[in-house]
Amino acid sequence: MKYLISFLLLLILSASSCKKNKTGEQLPPETQEGKFTIGFKVDGKVYTAKGKGGLLSSESVTYGLLADDNSINIFASNSSASKPKFHLTLIVHYKGAQGIYEMKNYPYQGTFMDGQDGTIPGSNNVFKTSETYNGKVNINFFNGSLPALNGTILSGTFEMDAVNGEGKVIHITDGRFDIGH
């Protein structure tokens, strides 16, 4: 009987701890519908944004296409008080096909700014890819061409390692985006 009670207590405690781990911010699902969503983890911490960009929006996810060099520029930011603040830019040289594109140095790079220390860029909160710390974007859906027209959707996944001016390295994993135009 003593073992049965111990087993039941252990079962109850482990079930309650599972609920605690499941709460909090979740990454958006990987979709291809133009939902204006982005999500990723920075060293395990979840960052998300949802919404079409605008001057007064606290969350925005947009992309631009530069026809002169076929760059796809993905921009996301969140300045909402209820979520971790950030600014993210992913720049890839689009070669006209779905697939994996590397980000290393300027101009095809990833930049992450942690907004927890404020929105003024400094050497401690701006992280960039480089030759040593780089990343990749997997464009798994793009139904448009350059330049983008209304109804165009861009979606994919990404990951990167980036370094700040003081040499601190972060690891961005499980990144996904789904953006319309």
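Derivation of every value follows stated rules applied to the coordinates shown; laboratory data play no part. Predicted model only: the values in this text are computed from it and were never measured. When we count neighbours, we look across all protein chains shown, and the Cβ atoms used for this are built from the backbone with ideal geometry, even at glycine.
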Computed about the Cα centre, the charge dipole of segment 27-180 from +1 Lys/Arg and -1 Asp/Glu charges at the Cβ has a magnitude in debye, to the nearest 20, of 260 debye
Diffing segment 128-142: the Karplus 3J(HN,Hα) column from phi (6.51, -1.76, 1.60, θ = phi - 60°), in whole Hz with x for Gly and Pro, holds 10, 6, 8, 4, 7, 10, 10, x, 8, 10, 9, 7, 9, 7, 8
Going by the alpha-carbon gyration tensor, a ≥ b ≥ c the square roots of its eigenvalues, is segment 27-180 rounded (a/c under 1.5) or, if a/c is not under 1.5, prolate (a/b greater than b/c) versus oblate?
oblate
Hz values of 3J(HN,Hα) by residue in segment 39-48 - Karplus curve (6.51, -1.76, 1.60), Gly and Pro given as x:
x, 6, 10, 10, 6, x, 8, 7, 10, 9
With respect to the cross-link table entries LYS35/LYS128; LYS41/LYS95; LYS104/LYS128; LYS41/LYS136; LYS136/LYS168, which display a Cα-Cα separation exceeding 18 Å?
LYS35/LYS128; LYS41/LYS95; LYS136/LYS168
